[in-house]
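The values are calculated or read from the model by the stated rules, or taken from the named source; none is laboratory data. On a predicted model such as this, the values are computed, not experimentally measured, just so you know. Note that we place each Cβ from the backbone using ideal geometry, even for glycine, and neighbour counts take in every protein chain shown. In case anyone asks, the SASA skips ligands and DNA or RNA and just uses the protein heavy atoms, side chains included. Shrake-Rupley method; radii C 1.70, N 1.55, O 1.52, S 1.80 Å.
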Amino acid sequence: MYIGLMLAMLLYNCFVYITTRDRSYLYYIAYVLTVIITQITLSGYGFQLLWPDSPGIELYSAFVTPILVGFAGVEFMRHFLRTREFVPKADKGFFVTYAMYIVAGIMCLLKKYTVGFKMIDMTASLLAFYMLFQAIRISCKGYRPAVFFLISWVVFLIGIFVFVFKNLNILPYNNFTVYTMPVGSAMEVLLLSFALADRIN
């Protein structure tokens, strides 16, 4: 159901991009596509269905796909929220996260997987809160699309927190805690699509 919903949103927004030629949709499409690939990889369906005889691809995809999501998510946010215009100094901070992701990827390529994966997790965590803070700043300046982005990002972060707390045994292991992250991700994608439509209107 999750993959079906994400593919439907991907195809729908591809059509909207073709009709509007708004570059925000192009960045959004790239973000949704990388999220789909990452979720397929993390759930094990990639190795089960797409590359069952290629453990090497499975290993590399485990750290390459989260990095691609980070890059795509940042570029979408920067373009959609016009961070260069509203928060020019903070906009440069995103390039620091790019460097951190690149270093993490190099660590993994050098087979220092523990260090590399920890750096990816740390960078993703820092980036999530940095994006949240900048969205709050921009929304306070009266830019309406930032409010939609803020709501969608909070929904996504709640899903991540529940998933992580489940892994840390703070929350019980059940259907709710297991599927909160993909549900939060799906809700985020839907809300961001609404935000794009509102921006076009």
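Overview of results
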item: Criterion violated by residue 177 - all others in (1) open to solvent by less than 60 Å² (accessible area, probe 1.4 Å); (2) in contact (Cβ under 8 Å) with a residue 40 or more places away in the chain satisfied; result: (2)
item: Whichever residue in region 103-114 is open to solvent by 70 Å² or more (accessible area, probe 1.4 Å) and among the β-branched types (Val, Ile, Thr) and, among such residues, is modelled with the lowest pLDDT; result: 114
item: Members of region 104-131 found to be more than 16 Å from residue 31 (Cβ to Cβ) and either polar (S, T, N, Q) or within 16 Å of the chain's Cα centre (by Cα) (or both), listed by number; result: 114, 120, 121, 122, 123, 125, 126, 129, 130
item: Residue in region 146-159 that is at pLDDT 80 or above, in a helix (DSSP H, G or I), small (Gly, Ala, Ser) and open to solvent by 30 Å² or more (accessible area, probe 1.4 Å) present; result: no
item: Test: residue in region 15-22 that is under 16 Å from the mean Cα position of the chain (by Cα), β-branched (Val, Ile, Thr) and open to solvent by less than 70 Å² (accessible area, probe 1.4 Å); result: no
item: Given (1) open to solvent by 70 Å² or more (accessible area, probe 1.4 Å); (2) more than 19 Å from residue 189 (Cα to Cα); (3) part of a helix (DSSP H, G or I), number of the condition residue 94 does not satisfy; result: (1)
item: Unique match (being touching a Gly at 6+ places or on another chain (Cβ under 6 Å), in a helix (DSSP H, G or I) and aromatic (Phe, Trp, Tyr)) among 31, 17; result: 31
item: Scan of region 127-143 for residues that are open to solvent by 40 Å² or more (accessible area, probe 1.4 Å), of a type outside the set (Phe, Trp, Tyr), touching a helix residue (DSSP H, G or I) at 6+ places or on another chain (Cβ under 7 Å) and not in a loop (DSSP other than H, G, I, E, B), ordered by number; result: 136
item: Per-region count, region 51-84, residues more than 13 Å from the chain's Cα centre (by Cα), touching a residue at least 40 places away in the same chain (Cβ under 8 Å) and surrounded by 20 or more Cβ atoms within 10 Å (Cβ to Cβ); result: 4
item: Residue in region 6-29 that is more than 30 Å from residue 201 (Cα to Cα), out of contact with any His (no Cβ under 6 Å at 6 or more places or on another chain) and at pLDDT 80 or above present; result: no
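Residue by residue, here is whether (1) farther than 23 Å from residue 133 by Cβ; (2) among the aromatic types (Phe, Trp, Tyr); (3) in contact with a Ser or Thr (Cβ under 6 Å, 6 or more places away or on another chain) holds:
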| residue | (1), (2), (3) |
| --- | --- |
| 26 | yes, no, no |
| 34 | no, no, no |
| 51 | yes, yes, no |
| 58 | yes, no, no |
| 63 | yes, yes, no |
| 69 | no, no, yes |
